[in-house]
């Protein structure tokens with residue numbers, strides 16, 4: 001059975017810098033034989049967490065109390081073996097809608113309160129950030145720290161980033177790093193299932209160029225069909 005790798009995009013720009021690099025990461029995961037899917041937090045309503053974990057009788061359990069797009073994403077996350085998150089940096093942190101989803105993911109972790117393991121336990125995670133200066137590492141570090149605190153596993157080379165905004169796809173090091181985020185996250189997930197899987201960094205300019213051209217072609221088709229409106233559906 002193929003690994004399920006889910007990419008969550010925290011940007012309103014489907015093919016902006018974080019969308020470009022997240023797609024590179026998913027292409028990397030496919031090189032490990034994984035099935036991949038990309039969803040955007042901007043494709044529906046994600047209500048903010050109400051903190052019901054603090055109620056006298058906690059209601060915080062999967063799949064959350066709200067019946068919205070956030071719930072759909074939580075179900076997708078629960079079914080995935082690997083979770084890759086891409087986001088622009090907004091004031092040293094992930095985007096606001098992505099933060100809403102992360103807060104809602106408490107319902108996955110809080111299953112420990114009901115005598116079960118955290119539903120995030122054993123999932124492999126990676127992060128992609130695009131922005132400026134220290135915010136790149138702060139936002140990426142935040143994502144990996146929180147996901148690990150929920151029970152997820154952080155593989156080698158789990159964070160890729162670029163300062164080149166919507167030109168991130170031309171940032172060779174960032175593209176190669178992003179490919180490795182997907183490649184090694186899927187590789188570790190394979191290892192945990194008793195299969196072969198890559199765990200060392202791959203530096204392959206031919207593969208980099210192949211994937212870059214594929215993403216650029218997808219971007220061109222998307223913009224031909226949808227224009228460059230930021231809030232257009234991201235697709236997969």
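Things to note:
- Here residue 158 meets each of (1) over 13 Å from the mean Cα position of the chain (by Cα); (2) surrounded by 19 or more Cβ atoms within 10 Å (Cβ to Cβ) with one exception, condition (1).
- When residue 69 is tested against (1) over 19 Å from the mean Cα position of the chain (by Cα); (2) over 30 Å from residue 157 (Cβ atoms); (3) in contact (Cβ under 8 Å) with a residue 12 or more places away in the chain, just one condition goes unmet, and that condition is (1).
- Restricting the stretch 117-168 to residues that are part of a helix (DSSP H, G or I) and out of contact with any strand residue (DSSP E or B) (no Cβ under 9 Å at 6 or more places or on another chain), the residue that is farthest from residue 9 (Cα to Cα) is 149.
- Sole exception among (1) within 18 Å of residue 181 (Cα to Cα); (2) surrounded by fewer than 23 Cβ atoms within 10 Å (Cβ to Cβ); (3) in contact with a strand residue (DSSP E or B) (Cβ under 9 Å, 6 or more places away or on another chain) for residue 20, by number: (2)
- For the stretch 20-42, a residue qualifies if it is over 23 Å from residue 173 (Cβ atoms) and at pLDDT 95 or above, and the qualifying residues are 34, 35, 37, 39, 40, 41, 42.
- For the stretch 207-222, a residue qualifies if it is in contact (Cβ under 8 Å) with a residue 40 or more places away in the chain, crowded, with 17+ Cβ neighbours inside 10 Å and touching a helix residue (DSSP H, G or I) at 6+ places or on another chain (Cβ under 8 Å), and the qualifying residues are 207, 211, 212, 215, 219.
- Residue identified as surrounded by 15 or more Cβ atoms within 10 Å (Cβ to Cβ) and modelled with pLDDT under 95 among 187, 131, 151: 131
- Filter result for residue 26 (more than 21 Å from residue 211 (Cα to Cα) and either over 16 Å from the mean Cα position of the chain (by Cα) or assigned to a helix (DSSP H, G or I) (or both)): no
The values are calculated or read from the model by the stated rules, or taken from the named source; none is laboratory data. Predicted model, so just to flag it, every value in this text is computed and none were measured. Using ideal geometry, Cβ is built from the backbone for each residue, glycine included, and neighbour counts are taken over all protein chains shown.
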